[in-house]
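Below is one structure, written out as structure tokens; comments come after it.
Bear in mind that the values in this text are calculations on the coordinates, not laboratory data. It should be emphasised that the depicted structure is a prediction, and the values quoted were computed from it without experimental measurement. Cβ: placed from backbone, ideal geometry, glycine included. Neighbour counts: every protein chain shown.
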Amino acid sequence: MRSLGYAATNSTAFSSSMLYPVAITARLASLSAAPVKPEKVTTSSKPPKVEQEERNGVKRPNAGGACAAVWAWLDANPTATLKEAKAAAPAHGWNANNVSCEFYARRKFLGISKTTAPN
């Protein structure tokens with residue numbers, strides 16, 4: 001049988017020598033035998049994680065985002081209806097659908113489940 005210069009293979013087990021010529025297999029073996037020294041990785045310090053207030057399964061949004069801005073407006077206008085909140089959206093650069101989602105999320109957060117009809 002003519003030799004093609006490939007490492008002998010074991011027919012019962014798969015090894016990397018089945019894929020590489022003898023010279024490459026020997027080089028790979030010498031590389032894998034060298035011990036690897038782990039390097040310490042330093043990361044930038046992150047600010048401590050702020051716990052979000054949670055009530056009724058809803059978390060209050062973190063300050064600085066559009067959702068928090070909607071909640072701040074709703075906190076300042078506690079008797080506002082959804083129609084009034086959506087009317088205020090373009091003036092603040094908010095998406096009307098996001099205002100609607102935040103309006104109802106805030107109602108659930110506060111435990112308001114039904115509309116109160118005026119007397």
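Values for this structure:
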| quantity | calculated |
| --- | --- |
| Estimated vicinal HN-Hα couplings, Hz - the range 62-72 in sequence order (Karplus 6.51, -1.76, 1.60; Gly, Pro = x) | 5, 5, x, x, 5, 5, 5, 5, 5, 5, 5 |
| Stokes-Einstein D (µm²/s) once Rh is taken as the Kirkwood radius of the range 54-110 over alpha-carbon pairs, at 25 °C in 0.890 mPa s | 219 |
| Integer Hz, Karplus 6.51/-1.76/1.60 couplings in order for the range 108-113, x for Gly and Pro | 5, 4, 7, x, 8, 10 |
| Inter-label distance, nm, simple model (7 Å from Cα along the C-beta direction), ASN98/VAL41 | 3.2 |
| Sequence-separation-based contact order of the range 54-110, relative, with Cα cut under 8 Å and 6+ spacing, percent | 49 |
